[in-house]
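Okay, so here's the structure we're looking at.
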Amino acid sequence: MHINKTLIFTFIFFSSFSQVVWGNANNNKSELTVEAEESLEWFEKEKYYLARGNVILKKDGVTLRANIVKADYIFKNGENILKKIIAKEKVILTKENTQATGQKMTYDLEDKIAKITGSFQTFSSPSGYVESKKYIIFNDLKNKAEAEGDVKIILSNKTIIHADYVKANFKPKNKSLKNAVAKGNVIVENKAKSRKSKADVGVYNSDSELIQLSGNVVIFNQKSKLYGSKGVTNLKTGISNIIGDLKNKKRVKGIFAPIKKQNKGDETD
């Protein structure tokens, strides 16, 4: 069945659709509004719907925008039960002050796993911002998330974290960040305080607001450098310290460059 050149159409989707990232699980009869510039196709035999052309889906305060949206379903107990949502090309998902963007987004309703993939994807909320060049994955059931590919995280206190790969765990009740592990080319910087740290691995704990650094740790403070195998960055103060490794007999090394004082007669820019 094919409906061509559909400008705006409103319909009641399947009750299970409310389980998607924007859903209210108890509001099974809430209405889903869909707008598309080109078409809506229903493939009854293959069991999926397909909307094309600047598609806009709205439900329970959430808006999904994409050029193509596909909905897979199964027929069970006399109902069409939605299984997966796939959105492609210029994907933007927004709800209140939260937004996710990417080239492709999939959401599995059984596993409650959302995956954003492409050459560049982002996720932003009042607590921070994340971007990556491979993927960002959210697992609602396990309260986990991960990102890979030149990952960049900006925390609410303006601290910036770079890494090849990041995995995070969230608290079940309010979904706030519990802890996170960053691996590969880890950089933690606070530009406002002219401080930066480098390491192979960084482990963050939200209760202490500390990042434990390990592996080829380098801490920069203005023109000074500290080298070691372990370090700690305090996100409350922005201060980083090198920790000695007595067990493995690895020493701490520091290079301190003098800061030149400006003469009173010197011109300033």
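The values are calculated or read from the model by the stated rules, or taken from the named source; none is laboratory data. Bear in mind that the values here come from a model prediction, so they are computed numbers and not experimental data. A quick note on method: Cβ atoms are made from the backbone with ideal geometry, for glycine too, and the neighbour counts reach across all protein chains shown.
For region 202-218, a residue qualifies if it is without any contact (Cβ under 8 Å) to a residue 24 or more places away in the chain and either outside the structural domain of residue 130 (by TED's automatic domain parsing) or buried (at least 17 other Cβ atoms within 10 Å of the Cβ) (or both), and the qualifying residues are 212, 214, 218.
Counting only strands (runs of 3 or more DSSP E) that sit wholly inside region 110-187, those with at least 1 residues that are under 9 Å from the mean Cα position of the chain (by Cα), outside the structural domain of residue 74 (by TED's automatic domain parsing) and of a type in the set (Phe, Trp, Tyr) are 121-125, 128-132, 135-139. Return the residue satisfying two criteria in turn: it lies in region 92-109 and is part of a loop (DSSP other than H, G, I, E, B) and either acidic (Asp, Glu) or more than 25 Å from residue 71 (Cβ to Cβ) (or both), and of such residues it is nearest to the chain's Cα centre (by Cα). Within region 92-109, the match that is nearest to the chain's Cα centre (by Cα) is 97. Among the residues in region 73-83, are any charged (D, E, K, R) and within 22 Å of the chain's Cα centre (by Cα)? Looking for residues that are charged (D, E, K, R) and within 22 Å of the chain's Cα centre (by Cα), one finds none in region 73-83, hence no.
Scanning region 148-180 for residues that are under 15 Å from residue 235 (Cα atoms) and among the aliphatic types (A, V, I, L, M) yields 153, 154, 155, 160, 161, 177, 180.
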